[in-house]
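What follows is one structure encoded as structure tokens, with my remarks underneath.
The values are calculated or read from the model by the stated rules, or taken from the named source; none is laboratory data. This is a predicted model, so every value here is computed, not measured. Counting neighbours? That spans all protein chains shown, and the Cβs are built from the backbone with ideal geometry, glycine included. The area values use the complete protein model at the heavy-atom level, side chains included, leaving out ligands, DNA and RNA. Shrake-Rupley method; radii C 1.70, N 1.55, O 1.52, S 1.80 Å.
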Amino acid sequence: MIVELTSLEQVADACGDDDLVVWAAQDLRGGARAWAVRESSGEAVVAAGPGVSLRDRLAVWGAPAQAATLVRHALAEVGPGFRPLGEAELMRRVVAEVEPLRWVAGFSWMSLDHVPVGPADGVSWLEGSFDEEISKLLAVHAPDSYAAPGRPGVTRWAGLRVEGRLAAVAADAWSAPSVGFLAGVATDAAHRGRGLAGRVCRWLSGRLVAAHGRAALMVDDHNAAALALYERLGYRRLPVAATEVAA
């Protein structure tokens, strides 16, 4: 039997407090919804978060057969524009069960549950009118960044200046009550190789963990330098996949 979950406590309990699911659920407001099914043969949870990291996302957790049932139900409720995503092997099996669904991309979900140690000197919140400077840095050095000043869900920016110029940034964006989210990481190419991104990410990750209990991020699997950086900070890596309803 499918049950709609109406509180964050119910969501966390149903999925074993899975990072990805409770993040997608956000605060269960603004159209976010979640459902669970528990059967003797398995259990599953899905959480639909509209506009989370620029996508209407449907996070999937649990046993494949029950997860497929929930994905069908959730897409009928929230619409086919939502993109189901979850652990890569689970999503392969869900795609095989849900005929309109197709594989879009694989990448990594990374999460952290402790404050990382190490140097973070010089990093601070970018208070005041820094949007134009951040936007220029992103446009040149990280043009594909999902996080940018002024976008819905992008809360605030941390940064580091070198000789008066902004050299590295990262954003607190689309954070959920119990999962802070790090995005928009960028370093001026003239200052790469000096560990600046590591300092900014270490500083911001520590504040996200302190505020939310844990931090998370998404990273492309081909970005070996970023994966290595986040693993040095203590982030755990989970291969995930995004899918979509075929047109």
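If the only charges are +1 at each Lys and Arg Cβ and -1 at each Asp and Glu Cβ, what is the size of the charge dipole of the stretch 1-140 around the Cα centre, to the nearest 20 debye?
So the magnitude is around 640 debye.
Suppose every Lys and Arg Cβ carries +1 and every Asp and Glu Cβ carries -1, with no other charges. What dipole size does the stretch 77-160 come out with about its Cα centre, to the nearest 20 debye?
Here the stretch 77-160 has a charge dipole of around 220 debye.
Which percent of the accessible area of the stretch 51-207 is formed by carbon and sulfur heavy atoms (probe 1.4 angstrom)?
Carbon with sulfur: 49 percent of the solvent-accessible area.
Counting Lys and Arg as +1 and Asp and Glu as -1, each charge on the Cβ, what is the dipole of the stretch 96-247 about the Cα centre in debye, to the nearest 20?
Rounded to the nearest 20 debye, it is 460 debye.
Please list the non-local residues whose amide H lies under 5 Å from the amide H of Val154, H modeled 1.01 Å from N, same-chain partners needing a gap of 5 or more.
Residues meeting the amide H criterion: Trp174.
Loop-only check: which GluC sites (Glu not before Pro) in the stretch 109-200 are DSSP coil with at most 14 other Cβ within 10 angstrom?
Sites meeting the loop and neighbour criteria: Glu127, Glu163.
What residue among Ala158, Ala211, Pro100 has its Cα farthest toward the positive end of the dipole of the chain, where the charges are +1 on Lys, Arg and -1 on Asp, Glu, each on the Cβ?
Going by the Cα projections, it comes out as Ala158.
Quote the Stokes-Einstein diffusion coefficient, in whole µm² s⁻¹, for the chain, based on the Kirkwood radius over alpha carbon pairs, a temperature of 4 °C and a viscosity of 1.567 mPa s.
70
For the chain, what is the mean residue ellipticity at 222 nm derived from helices alone (per DSSP H run of n ≥ 4: -39500 (n - 2.57); sum divided by total residues; nearest 500 deg cm²/dmol)?
Helices in the chain give a 222 nm mean residue ellipticity of -9500 deg cm²/dmol.
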